[in-house]
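Below is one structure, written out as structure tokens, with a few remarks after it.
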Amino acid sequence: MSEHRPPVEANRHSRPGTLPAVPYPQGGAFAPGFGFGSDGATGDEQNPLVQYLAVIQRYWWLIVLTTVLAVAYQYYKTRNDLPQFRSSSAVRLTDQGASVSGNLVPDYANGYGGYTDPILTQVQVIKSRIIAEQVVDSLGLQLQSATPGFYMGFFRDVHVSASAPPATLTLHFSPSHFTVYSSRDSIIGDYGRPVSIGRVAFTVPQSPGFMSAVLRVIPREQAVDEVQAGLDVKPRDMTSVIDIIYTGDDPYVAQDVASAVALVYKAQDAASARQQSHRRRVFIESQLRTTDSALAVAQARIAAYRKSNLALSAQDKYNAEQTDLTSLSKRAEALRESRASYQSLLAALQRYERGDVSALRTLAFVVDPGGNASVNTLFRQLEQYEQTRDSLTTGMFARTPEHPAVERMDALIASTEPKLRTAVENQIAVIDGEIATIDTLQSHRREQIAAIPGVEETEQRLERDADNILKMSDKLNDELQLAKIAEAVEAGQVEIVDLAQYPSGSIGAGRRRKLAYGAFLGVLLGIALTVLVDRMSSTVRRWEDLERVMRVPGLALIPQIAGDAGDGWQARVRGTAHRLLPSLVPQRGLVGDEVGNELVMVNDVRSSSAESYRKLMTNLMYSASRPGLRVVVVTSASAGEGKTTTVSNLAVAFAQQGRRVVLIDADLRRARIHDVFGLGLEPGLTDVLVGNATLEQSVRPSGIAGLSIIPAGTLPPNPLEFLGGERMHELLGTLRERYDVVLIDTPPVLVTADAALMGVQADGVVLVVRAGKSERVAARHAVEQIVHLGGRMLGAVLNDPDARTPRYGRYGDYYYGYGYTASET
């Protein structure tokens, strides 16, 4: 038998009817909470990173599958990739214009900001789409070879129209000539002479040594995209030199593109520099013309000022200005009086009613005969119309208002009255404008009178303004000369250092790099899928699911039992066969066939699984919230969740602590306790209940000190009648008196009602849940069924094959933790 912890005598101060407590050293391995969180899980298990690692370990096959598929897909994509060729050219950023002009031209072209790297800016310019488009057009890169090994270096002077549609050209070569076939036409060409078919033109200098070749015409945008994809631009450290690198499947194209990019970039930079210098010259000329005009105006102001201010003395100028000011004041006063008169007339017109001759006479006194002619004329007409109407409607032959003559007069009066009112309003507006103008002139005259003492100071100010404008004009003339020089000698800032050479060899197709990239993506995708599958699973998988889903406390986390290291996979296969065919494949013990390999508390006391069972025992022993705890039922929601293994090892754990323990196999449908301990099935529990055997005959020694076994006995057809009878209740009472701990293995809760019935008779129920197998709904329903019938739920045990639990060494009679290890599966 494997080494196990020596038995310890029971605590004399234990309360009767409860699990006796055992003294543990302070901080020992079995002290409550040692190495575990308050909820029963290890601190390492509560770490989210550890939980994710456990998920990855559980679904490692999915990661392997996605990695293999990703690598296979990448291999499928790259299996026909052609060898790649690389060529490079180099340019240097300099200021050739300054060297040509003897540094007379300042660096006006440098418009970089204080936080901008000019080298990196030029790198982006070289990689721009404008450069790529010019390279495609200059080299005719829309025409490409579709025949492996047939390179575009066999052609010269290739030109393809930018609007050329996609097409395929087939070439057949002979020693003296070649023939080009398209979908619509064919043409025979001579070596060394240009040929044109459709919108494509090229020259074949000599026979390329091929019998035939296929060319394809691609859209211009696609060719530009390919150039940008193969182009790489890198500045050299601590220099102004930039390397232009191009990678492609045609060595001639790689050389031509690398050189063409450098040449196009240099030409574009020179053209841009000349254009910028030209714009600068035009701008300076425009500013110079404006400055010359301003200078002429300033000089004219000086002359006019001198002419107007020096012709008269200061006193004479003061008298003249004062006279003008007085005249303007009189004129303004007269206008205000006239305005008041017209304002009165307007008010009278507003009160005027048709046919009121007395009111009309009042208006006659308001109208100024010497005033506005239009107003006077309209007033006279209105007066005449009123008098005529008055004569028509009064006297012996007075006419009624409906008379045509009276109505005609009314119409004339009605049309004349608004015209008169409008004319008066217009005249008032004109007078207001004249008053405003006179006020402005008065203000100006007052300013001139106030400025008369500073005539000489004003003249000096005008002269200073003219001098400043003259200096600006001279500076602009100098800048204009510099701009003309810069425009004449501008060569740009780019100098060709090296043009591209023909590649010395291929650099491969990059297949290894692509496969490695595919493997990396496959691993990432596999990890993401494992997390997704784990989150979408309907089973209990993590420690926190016990309280969140089942609403019961967690008692312990049990790793998967691996069995004997010497058996390896054979032991696992045998265990599986025994569970499927228990009658044909018996459970084989590990030590003289006395106990099964499921008893890690006997076979491997230092394993992580054994220490987890001790943790379960400790939580049950030191639970102050469960007084009177002596008879415990261990069950599960469904079959195959590890309840028999759990209750067997828990019984051994109690016995190794000096407890008197009896383990009852109450699973009368699928009894396994006798196989675990290598015992016979009969006599057992059912034999005692029916009176075929005594209790002493049915209690078997397990071979472990302090642990007794009551097998199931003869399996009856109606187990529920046996477990729910009075004899069973009396049997449990007898066992309470004889033993410190009574553990009962029952069938799954959802399979039969045996477990729930036994849970009512026991002091508490422990539910075993297997991670990744137990459905959340089933586990929760099992708990509800036990509680509904009056059972007392103590908590749940999580069997997790991927759990990480503390490893323990042994020192004397105590175990101590010294690290963590993955469970052995």
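The values are calculated or read from the model by the stated rules, or taken from the named source; none is laboratory data. These numbers were taken from a predicted model, which means no experiment stands behind them. With ideal geometry, Cβ positions are generated from the backbone for all residues, glycine too; neighbour counts draw on all protein chains shown. In case anyone asks, the SASA skips ligands and DNA or RNA and just uses the protein heavy atoms, side chains included. Shrake-Rupley method; radii C 1.70, N 1.55, O 1.52, S 1.80 Å.
How many Å² of accessible area per residue for segment 630-736, probe 1.4 Å? Please list the in-between numbers first.
Values: 3380 Å² over 107 residues.
For segment 630-736, the per-residue accessible area is 32 Å².
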- Length gained when the stretch A705-F520 is fully extended (0.36 nm per residue, less Cα-Cα span): 61.1 nm
- Query: Between A334 and N718, what length comes free when the chain is fully extended (0.36 nm per residue of separation minus the Cα-Cα distance, one decimal in nm)?
  - Reply: 124.9 nm
- Beta carbons within 10 angstrom, averaged per residue: use that to sort the peptides 296-304, 607-615, highest first. 607-615, 296-304
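What does the highest-first list of 754-767, 698-711 look like by mean Cβ count within 10 Å? Intermediate results must be reported in sequence, preceding the final value.
Working: 754-767: 23.6, 698-711: 20.8.
Sorting 754-767, 698-711 by mean packing, highest first, produces 754-767, 698-711.
Below 10 angstrom from the Cβ of P748, what's the summed charge of the other residues (Lys, Arg +1; Asp, Glu -1)?
0
Any idea of the accessible area per residue across segment 161-235, 1.4 Å probe, to the nearest Å²?
Numbers: 4130 Å² over 75 residues.
Solvent-accessible surface per residue comes out at 55 Å².
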- Query: How far apart, in nm, are the 7 Å Cα→Cβ label points at S196 and E434?
  - Reply: 8.2
- Item | Carbon + sulfur, % of accessible area of segment 107-197 - ligands and nucleic acids excluded, 1.4 Å | 54
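Between R79 and D185, what FRET efficiency comes out of the Förster formula 1/(1 + (r/R0)^6) with R0 = 35 Å and r the beta carbon distance, rounded to 0.05?
Numbers: r = 36 Å, r/R0 = 1.02.
In this case the efficiency is close to 0.45.
Work out how much length S212 to T326 would gain on full extension: take 0.36 nm times their residue separation and subtract the Cα-Cα distance, in nm to one decimal. Display every interim value, and only then the final one.
On the way: separation 114, 0.36 × 114 = 41.04 nm, distance 10.82 nm.
The S212-T326 span can extend by a further 30.2 nm.
What number comes out for the charge environment of V136, summing +1 per Lys or Arg and -1 per Asp or Glu over other residues with Cβ under 13 Å away?
On the way: positive: R129, R220; negative: E133, D137, E221, D225, E226, D256.
Net of charged neighbours comes to -4.
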- Task: Please identify which residues in segment 764-792 have an amide N closer than 12 Å to a label point set 7 Å out from the Cα of A753, following the Cα→Cβ vector.
- Result: 789
- Cα-projected label distance for Q343 with H172, points at 7 Å along beta-carbon direction, nm: 10.9
- Task: Could you please state, rounded to a whole Å, how far the C-alpha centre of segment 763-795 is from the C-alpha centre of segment 613-672?
- Result: 15
- Query: For labels at N319 and T400 in the simple 7 Å Cα→Cβ model, what's the distance in nm?
  - Reply: 7.9
- Accessible surface of segment 690-761, 1.4 Å probe, proportion on carbon and sulfur as whole %: 54
- Message: I'd like the FRET efficiency for V282 and E463, computed as 1/(1 + (r/R0)^6) with the beta carbon distance as r and R0 of 30 Å, rounded to 0.05.
- Response: 0.40
- Message: Per residue of segment 698-709, what does 6.51 cos²θ - 1.76 cosθ + 1.60 with θ = phi - 60° give for ³J(HN,Hα)? Whole Hz please, x for Gly and Pro, Karplus curve as stated.
- Response: 8, 6, 10, x, 8, x, 10, 4, x, 10, 10, 10
- Item | Whole-percent carbon and sulfur share, accessible surface of segment 617-683, 1.4 Å | 50
- For segment 115-257, the spread of Cα positions along each principal axis, largest first, Å: 60, 29, 23
